[in-house]
Amino acid sequence: MNKITNHMPTAELQAIDAAHHMHPFTANHELAAKGARVITRASGVTLTDSEGEQILDAMAGLWCVNIGYGRDELAEVAARQMKELPYYNTFFMSTHVPAIALAQKLAELAPGDLNHVFFASGGSEANDTNIRMVRRYWDQMGKPNKHVIISRKNAYHGTSVGSGSLGGMAGMHAQGGMPIPDIVHIGQPYWYLEGGDMSPEDFGLMRARELEAKIEELGEDRVAAFIAEPIQGAGGVIIPPDSYWPEIKRICAAHDILLIADEVITGFGRTGEWFGSQYYDIQPDIMTVAKGLSSGYAPIGASLVSDKVAKVIDSGEFAHGYTYSGHPVAAAVALENLRIMEEEKIVDHVQNEAAPYLAEKWHSLADHPFVGETTIVGMMASLALTADKSVRKPFKAPAGTVGYKTRERCFANNLIMRHVGDRMIVAPPLVMQKSDIDTLYERAVKSLDEAYKNVK
Ligand code: PLP
């Protein structure tokens with residue numbers, strides 16, 4: 001058998017890939033016919049593929065490479081940690097320095113009293129932890145019926161059976177067995193698609209009040225928690241109307257239910273604050289983090305837990321944990337990533353330079369005849385493609401067809417921009433400079449022009 005290397009012809013790599021590699025969230029038979037794009041290396045905000053093409057990564061991988069690619073410091077820390085202590089677990093009264101140091105750092109960075117950290121290998125696992133933790137919390141509080149978790153349609157909280165059930169992705173639920181019992185979904189604050197004739201603010205209030213109605217329907221004594229992304233990411237970068245979060249806060253407090261903020265995407269600078277909860281002035285009881293925690297350089301996630309919840313959970317044994325909870329190499333890499341973010345003031349860079357410039361460019365795309373609205377917070381943005389911008393009219397083709405074609409044009413023009421239905425989204429590395437944003441804009445305009453011509 002040949003050794004597989006970067007130097008093999010692309011077609012050969014694609015054939016072996018198609019024969020043996022089942023890709024996530026991919027129709028693998030289509031991929032086999034087309035061949036996957038083989039990414040061979042990356043530096044800064046640019047990927048290189050096996051044909052030598054230079055591609056601007058406006059999605060930071062999967063919303064995770066916040067500090068950009070190719071930071072040697074992280075590779076060096078990983079190598080050092082692998083030599084010193086490549087693995088040990090944190091079960092059964094053991095610990096190690098990287099896990100201790102990262103837990104302390106996260107407690108310092110997180111808002112309010114999220115002073116306790118339960119580690120996982122990614123966002124799905126951390127949300128599975130949250131399901132078990134909030135139920136255990138209410139059991140220990142003497143309220144064993146408080147087990148229902150309320151989430152939202154079109155939310156994404158991961159792909160395991162638990163986290164996929166928390167999520168409200170109809171396509172995932174349609175594939176069987178989800179949602180598991182005692183997880184229910186209310187409407188999302190997606191004004192553009194679902195707001196009809198209401199003002200965004202009235203619509204935001206209405207959607208928030210669905211939470212109160214659901215709690216009253218089920219009975220407060222049955223509801224454990226509400227989980228939400230401050231801004232829905234995979235759902236299409238859905239930025240809620242300003243009225244939404246204050247009302248959600250009020251309802252959670254009034255009904256004695258826990259608030260879980262899933263900050264897997266919005267954490268670590270994406271919104272121009274360290275956490276989306278700070279952007280919206282929310283104080284969650286539990287916060288889910290992953291992705292930007294290590295800038296994607298190592299798989300790690302965590303549940304950040306408030307004093308109130310940790311005190312109850314820690315009063316007994318919580319029968320839960322992963323082999324890789326607090327993995328020393330992943331923890332060391334995450335710590336180094338956070339050191340770089342702080343020392344290089346990357347959150348300030350987002351807030352004062354990159355995000356305002358991206359916003360200016362992004363909003364100017366709203367003039368395009370193909371674009372119905374543009375929205376952006378920090379370094380996460382979306383635009384709606386529309387058949388008629390005056391009335392937010394959808395296309396005749398099934399939802400997602402035009403978005404997919406537009407994404408294809410972006411891909412051909414060496415820009416990674418994703419589509420969710422007929423919404424185009426970006427979440428670039430936070431370290432983007434103005435010249436990178438200019439390139440993003442130019443390639444986006446070219447791709448929109450080309451897609452528009454084809455659709456007209
Ligand atoms: N939560 C949110 C908000 C996410 O966007 C994701 C992944 O995209 C997850 C959870 C799941 O994280 P992971 O893919 O690391 O399991």
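Arranged from fewest to most other beta-carbon atoms within 10 Å of their beta carbon, Val426, Val455 become Val455, Val426.
The separation of the range 297-360 from the range 62-106, counted between C-alpha centres, amounts to 11 Å. In this label model, Asp256 and Glu53 are separated by 5.8 nm, measuring between points 7 Å along each Cα→Cβ vector. Projected over every direction and averaged, the convex hull enclosing the alpha-carbon atoms of the range 156-274 yields 7.8 nm².
Give me D for the range 225-317 in µm² s⁻¹, whole number, from Stokes-Einstein with Rh from the Kirkwood sum over alpha-carbon pairs, 20 °C and 1.002 mPa s.
On the way: Rh = 14.0 Å.
Diffusion coefficient, whole number: 153 µm²/s.
Taking Lys and Arg as +1 and Asp and Glu as -1, the other residues whose beta-carbon sits under 15 Å from that of Thr288 total -2. Its alpha carbons considered, the range 298-456 gives a radius of gyration followed by a Dmax of 20.8, 64 Å. Partners of Lys143 within straight-line reach, counting lysines whose Cα lies under 18 Å from its Cα and excluding those fewer than 8 residues away in the same chain: Lys308, Lys311.
Put the Cα centre of the range 207-232 next to the Cα centre of the range 1-31 and the gap is 44 Å. In this structure, the residue pairs whose Cα-Cα separation is over 18 Å, taken from Lys214/Lys249; Lys153/Lys393; Lys249/Lys291; Lys345/Lys434, are Lys153/Lys393; Lys249/Lys291.
Below 11 angstrom from the Cβ of Thr266, what's the summed charge of the other residues (Lys, Arg +1; Asp, Glu -1)?
Working: positive: Arg270, Lys291; negative: Glu229, Asp262, Glu263, Glu273.
The answer is -2.
Annotation: lysines with alpha-carbon distance below 17 angstrom to Lys405 (same-chain offsets under eight excluded): Lys34, Lys396, Lys446, Lys453, Lys456. Working from label points 7 Å from Cα in the Cα-to-Cβ sense, the His173 to Arg222 distance is 1.6 nm.
Using the charge dipole of the chain (Lys, Arg: +1 at Cβ; Asp, Glu: -1 at Cβ; taken about the Cα centre), state which of Tyr156, Gly301, Pro284 has its Cα farthest towards the positive end. Positive-end residue among those listed: Tyr156.
Selection among Val350, Met379, Ala399 by position relative to the dipole of the range 338-401 gives Ala399 as farthest towards the positive end (Cβ unit charges, Cα centre). Pairs of Cα atoms nearer than 8 Å and 6+ residues apart set the relative contact order; for the range 321-456 it is 22 percent. Here is the list for the range 1-86: chymotrypsin sites (Phe, Trp or Tyr not before Pro) lying in DSSP coil, each with at most 13 other C-beta atoms within 10 angstrom of its C-beta, are Phe25. Dividing the radius of gyration of the alpha carbons in the chain by their Kirkwood radius gives 0.96 for Rg/Rh.
Computed from the coordinates by the stated procedures, all read-outs in this text should not be read as laboratory data. As the structure is a computational prediction, the values presented were derived from the model and not from experiment. Here Cβ is always computed from backbone atoms with ideal geometry, including for glycine, and neighbour counts include all displayed protein chains.
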